[in-house]
Structures are given as structure tokens and as C-alpha cells.
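What follows is a set of notes on a single structure, which appears directly below.
None of the figures in this text is laboratory data; all of them are computed from the coordinates on show. Since we're looking at a predicted model, the values are computed, not measured. Don't worry about glycine lacking a Cβ; one is built from the backbone with ideal geometry, like all the others, and counts go over all protein chains shown.
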Amino acid sequence: MKDGFSGNIAKAFIQSKLTILLMIAFLLIGGYSTFLIPREEEPQIKVPMADIFIGYPGASPKDVETKVAAPIEKMISNIKGVEYVYSTSMQGQVMVIVQFNVGEDVERSLVKLYSELMKNMDKMPQGVTLPLIKTRAIDDVPVLGLTLWSDKYDDYQLKQIGQE
């Protein structure tokens, strides 16, 4: 049976006396570099993130998506330094999650976000509430997430039940 290209390379390394020396050199270099590379147990990575809550009382999720969420996503994605924008439309409200690039200044990012939102609020439909902006850190990961749903209770009552 004829050896292929990789078979010839493997045969050359198996028959060569330099292979052992190369392996020892690679192990020594790897061990040495392990001590040179700085590392932390919990490095502090700054990723500016924000949640934006906007109410549109009485609107269906589809209306909220087309009239509020889509224009907000478009306007926010034009801000310099924004990595991604994600929104969730619900009955009478929308939540938009904005993540900026790693290393962006948190305060400057939030100021840019707030000023862009306020500058364009006149383009929103009548009845839309002012945006509530809450900062979020990369470490803000919930331990448990629950969703409450009911035919009997409205959103406010479900929120009260969840908080109890």
C-alpha cells in the first residue's frame, strides 16, 4: 500500500532522531510560557449593556413591534460602538437590550444612548411612555428565571404575585 502525503510526513518524523529533541524543546517552551502569561482568576471585563423599557398602553404585541421596537432598534444600531440590539415586544410594552463593544466607556455609552433616544422620541406614536434605561453588567446573570402566565390575572397582578 502506498503512503499518502501525511503518511510520508508521519514516517519522516517517526524515523528521525530529531523528533525527540523537538518534543522536549516544545514541552520546555510550553512550560516556560505558562509562567510568563499573566492570568487572573476572575478578570474584570467591561461590557456596557443597558435595558430600555418603553410602554405603549393598549397596543398589541404586533403594534408594539412595528411601531416602537423596530424604529428603536434601527436608531440604536446607528450609535457608534453598539455591538448588538435585541428587543422583546409584549402587550403594551417593549424591552430593548443594547450591548456595546467590549472596552467602551460605560458612562459615555449610556449618555449616547439616552441622547439618541430623547432626540428621536418625537418620531414615536402618540401614547408611548418615556424610556426607562437600566444599566446591566456582564455579571448580572440570573440564577433562576420564571415566567408567570394567567387567563385570570393581568400583567400588574402577575408582577405583584411574582414579587411576593
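Which values, in whole Å and largest first, are the semi-axes of the equivalent ellipsoid of the stretch 115-164 obtained as the square root of 5 times each eigenvalue of the Cα gyration tensor?
29, 21, 8
Could you give each residue of the stretch 69-84 its phi-based ³J(HN,Hα) in whole Hz, using Karplus coefficients 6.51, -1.76, 1.60 with θ = phi - 60°, and x for Gly or Pro?
For the stretch 69-84, the Karplus curve yields 4, 4, x, 5, 4, 5, 5, 6, 5, 7, 6, 5, x, 7, 8, 8 Hz.
Label points 7 Å out from Cα along the Cβ direction at F35 and N120: separation in nm?
About 5.5 nm separates the two model spin labels.
Calculated from DSSP H runs of 4 or more alone, at -39500 (n - 2.57) each and per residue, what is the 222 nm mean residue ellipticity of the chain, nearest 500?
Working: 6 runs with 65 residues, N = 164.
So the helix-based figure for the chain works out to -12000 deg cm²/dmol.
On the principal axes of its Cα set, how long, how wide and how thick is the stretch 76-160? Give whole Å, largest value first.
45, 37, 17
Where in the stretch 25-82 are there trypsin sites (Lys or Arg not before Pro) that are in a DSSP coil and have at most 10 other Cβ atoms within 10 angstrom of their Cβ?
Of the trypsin sites (Lys or Arg not before Pro), the ones in loops of the stretch 25-82 whose Cβ has at most 10 other Cβ atoms within 10 Å are R39, K80.
Please name whichever of A12, P125, L36 sits farthest to the positive end of the charge dipole of the chain, dipole taken about the Cα centre and charges placed at Cβ: Lys and Arg +1, Asp and Glu -1.
Projecting each Cα onto the dipole axis, the largest value belongs to A12.
With label points built 7 Å along Cα→Cβ from the Cα atoms of S77 and I97, find their separation and express it in nm.
Once both label points are built, they end up 1.7 nm from each other.
In whole percent, what relative contact order does the stretch 49-139 give with Cα contacts below 8 Å and a gap of six or more residues?
Relative contact order, the stretch 49-139: 43 percent.
Please list the three semi-axes, largest first and in whole Å, of the ellipsoid equivalent to the stretch 1-147, using sqrt of 5 times the eigenvalues of its alpha carbon gyration tensor. All intermediate terms of the calculation are to be shown ahead of the outcome.
Values: eigenvalues 590, 85, 44 Å².
The answer is 54, 21, 15 Å, longest axis first.
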